[in-house]
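A short write-up of the structure that comes next.
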There are 2 protein chains.
Amino acid sequence: MSSPSPAGSSGPVVGMIGAGQLARMTQQAAIALGVELRVLAGSRDESAARVVADVRLGDHRSLSDLRDFAKGCDALTFDHEHVPTEHIRALAADGSAVHPGAEALVHAQDKAVMRERLTAIGAPCPAWRRVETAADVEGFAAEHGWPVVLKAVRGGYDGRGVWICRSAGDAAGVLASGVPLLAEAFVPFERELAVLVARSPHGQGVSYPVVETVQRDGICVEVLAPAPGLDPERAAAAQGLALKIATELGVTGLLAVEMFETSGGFVVNELAMRPHNSGHWTIEGARTSQFEQHLRAVLDLPLGAPVMTAPVVVMANLLGGEDPDVFSRYEHVMAHDPGIKVHFYGKEVRPGRKIGHVTALGTDLEEVRARARHAAVYLTDGVYT
Amino acid sequence: MSSPSPAGSSGPVVGMIGAGQLARMTQQAAIALGVELRVLAGSRDESAARVVADVRLGDHRSLSDLRDFAKGCDALTFDHEHVPTEHIRALAADGSAVHPGAEALVHAQDKAVMRERLTAIGAPCPAWRRVETAADVEGFAAEHGWPVVLKAVRGGYDGRGVWICRSAGDAAGVLASGVPLLAEAFVPFERELAVLVARSPHGQGVSYPVVETVQRDGICVEVLAPAPGLDPERAAAAQGLALKIATELGVTGLLAVEMFETSGGFVVNELAMRPHNSGHWTIEGARTSQFEQHLRAVLDLPLGAPVMTAPVVVMANLLGGEDPDVFSRYEHVMAHDPGIKVHFYGKEVRPGRKIGHVTALGTDLEEVRARARHAAVYLTDGVYT
């Protein structure tokens, strides 16, 4: 960006489109840096709108709302991937510093574009093909076998928009929805890993340690940092791959690369270009949190040290249970473990919804993991494990 | 407090009277805990008012403004000590949970009350006496020698309201101001230490490690955690003394005890009952920051672990220099030291004003201290040290 340095008491203004928990946690980093965070929210009840002074109400699908929002921002960035790519191009054409830019972000918005590009740069992908008809899917299956993974080209997240089809019958139901689809070969993976990197407009890049993400029903429930037992050469290769993708795609800001670890190496699963659930552990667990890192990157400031602050860090998501009153359970969790770090997102509790997370830090993986699990299970369900 | 647990998405509401940097940094902790922080500000430009969604404008000296502010708060607490004691009593009589309460807070508001009480509980104090006339001061000096330290009984902070008088002539000028005064014997101290403790309404108490505070012109410029070379038994005694004071005075929330270390032990200098400059290092340097700890204490939640996250932590204050454009210097500081943590308060830069702080963490005191100093000097004055 040209100049993030207005005179006087006011820091640079970063406008974040979307007001979910990622924007909410970005506010904690913005407060320290003296960055004025502005959020575009659908309502004042949204997670970040509850904790930010400069809330603008509007629709992220409306170019007019986006243009109003952008006025006076030194940089624009995103809490989610749902802003239409053409609107991002229009904002950049207006002169806004948008990070990541449309040409990068489209790879996190459109899985077909992502697969094409990753294949072109030699990043390991599963076999894949655009499919429109039952014959397309059956042809793909004839080549690569069942199950076939069908993915919505746009709009999926947290397991939504992904269907593992074991037969032509399974696929028929998905095809009937009419959404543009991609077929991917099912990857027999050993575990899921994620690499979070940041890249600034100057081209500086940093990588956090590779983490293991534990999923349940397509939703991340636990992150183990660093990925236990990962061969150091493999870890370095995964970091190198993520940094290469960031560079080749021209990412500015954060890039999370979700990977499958297989017997032979890695396969890239998904990309996200924003703070990511797999990086929440960095708030306490790294010298520079992913939220601070993202702000530094989008303001083209030198990036912060991504080193860990403890040998082992475990983050567990809090998924809404049946009882909305999570605060009544603080007393037990905090008394049981004075070192546990609790993060609530100020969101209405609904079953299965991500309403917060907890982080435990220490030296022994099993002990740290048990602490994180205990707190997460008790906070969400009131069950003592 | 009776119940900090409203149902649904909203966490407990904590009302903080005052909107300076302490309230600003409390917001970072409130965001994580899902606590809704409300601040009473004099204007929307104040440090915390720039980063909080629920800002109420009003005067902390007006009982009517305070009563309006208190409505709907689960707990009330303070960013400063300037709320009249009688107003705090009135709020408590209305049914508000005020932490610390008036009977405790008065010891941080009125130095004569503080000295009487500390003397009564056997806490080490310098010789002291209330003084009104030149004859009073000369009588005190005849007993304890010059210099005599005159202190305003109420309203002093950051070296204001403290006069070191080397003669009756010096004292005459101070007496002429007409403010109620206390005389204290000058303590030939070796260094200044501070102990930060927290106490909850339940009576749980925790102590952070003893730190050394380095002052210049009565303003804290640097904090070294833990206090270098402090004898472990002395450190434990200082922590015990601070916890005893918290208990005896009925403090709820944080208590900072500023001490002089002398050849023979400690002498208590000042008390503060709120997050304190000597505890800013805890944001990154302790498992539980002082801001989170204060929120937990005033909500009567179990207190968090006060353990350090690194062997050595140094905090250096950023005092305003001549150039208001501090942001233009981020680039050098962040590139020079990717691990330095910068905190800006969003305050207009004025010479000598506390506008932020930096924190460095590591293992070697001299190296960590040099890093903190380099960043602080460069950010405030643009000078490369």
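Values in this text are rule-based calculations from the coordinates and carry no lab data. Since this is a predicted model, take the numbers as computed values, not measurements. Cβ: placed from backbone, ideal geometry, glycine included. Neighbour counts: every protein chain shown.
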Which whole DSSP H helices in chain B pass both tests: a Cα extent of 18 Å or more along the axis and a mean Kyte-Doolittle value no lower than 0.5?
none
Nm distances between copies for B:ASP45, ranked from closest, using label points 7 Å along Cα→Cβ:
3.6
Chain A to chain B by rotation: the residue of A with the beta carbon nearest the axis and the rounded distance in Å are A:GLN28, 2
Taking springs between alpha-carbon atoms closer than 10 angstrom, which of B:ARG199, B:ARG38, B:ARG216 fluctuates most in the Gaussian network model of chain B?
B:ARG216
In a GNM of chain A with a 10 Å cut-off on Cα contacts, which of A:GLY285, A:GLY72, A:GLY304 has the highest mean-square fluctuation?
A:GLY72
Counting other Cβ atoms within 10 Å, keep those with at most 16, restrict to DSSP loop, and tell me which chymotrypsin sites (Phe, Trp or Tyr not before Pro) in the stretch A:115-175 are left.
A:TYR157
Just counting partner chain Cβ atoms within 10 Å, what average do the residues of peptide B:322-329 show around their Cβ?
4
Rounded, prolate or oblate for the stretch B:1-92? Axes are the square roots of the Cα gyration tensor eigenvalues, ordered a ≥ b ≥ c, and the cut-off for rounded is a/c under 1.5.
oblate
For the stretch A:13-98, size of Cβ-based charge dipole, Lys and Arg +1, Asp and Glu -1, in debye:
100 debye
Net charge near A:VAL268 (other residues with Cβ under 14 Å of its Cβ; Lys, Arg +1; Asp, Glu -1) is -2
What percent do you get for the relative contact order of chain B when only Cα pairs under 8 Å and 6+ apart count?
13 percent
Enter the mean projected area of the convex hull around the alpha-carbon atoms of the stretch A:191-381, in nm², rounded to one decimal.
10.7 nm²
How shielded is B:24-36 by partner chains, expressed as the average number of their Cβ atoms within 10 Å of its Cβ atoms?
6
Across the residues of B:49-56, average count of Cβ atoms on other protein chains within 10 Å?
5
Convex hull (Cα only) mean projected area of the protein assembly as shown, reported in nm² to one decimal
33.5 nm²
Restricting to Cα pairs under 8 Å and 6 or more apart, the percent relative contact order of the stretch A:282-373 works out to 31 percent
Give me the percent relative contact order of the stretch B:191-381, please, defined on Cα pairs under 8 angstrom at least 6 residues apart.
20 percent
All other residues with a Cβ under 9 Å from the Cβ of B:ASN317 taken together, and with Lys, Arg as +1 and Asp, Glu as -1, what is their net charge?
0
Shape category assigned to the stretch A:12-54 from the gyration tensor of Cα positions, a/c cut at 1.5:
prolate
When Lys and Arg each count +1 and Asp and Glu each count -1, what net charge do the other residues less than 13 Å away from B:GLN293, Cβ to Cβ, add up to?
+3
By the C-alpha gyration tensor axes a ≥ b ≥ c (rounded if a/c is under 1.5, else prolate when a/b exceeds b/c, else oblate), the shape of chain A is rounded
Hey, can you grab everything whose amide H is under 5 Å from the amide H of B:GLU222? Only 5+ residues off in sequence or another chain; H modelled, so Pro and N-termini drop out.
B:VAL214, B:ASN317
Shortest first and in nm to one decimal, what separations exist between A:GLY173 and its copies in the other chains, measuring from label points 7 Å along the Cα-to-beta-carbon line?
8.7
Taking the label point 7 Å from Cα in the Cβ direction, how far apart in nm is A:THR385 from each other copy of itself, listed shortest first?
4.9
So how far, in whole Å, is the C-alpha centre of the stretch B:320-366 from the one of the stretch B:39-111?
30 Å
Out-of-range pairs (alpha-carbon distance over 32 Å; input A:LYS347/B:LYS71; B:LYS244/B:LYS347; A:LYS244/B:LYS354; B:LYS111/B:LYS347)
B:LYS244/B:LYS347; A:LYS244/B:LYS354
Considering only A:GLY250, A:GLY145, A:GLY362, give the residue with the highest GNM mean-square fluctuation for chain A, with springs between Cα atoms whenever their separation is below 10 Å.
A:GLY145
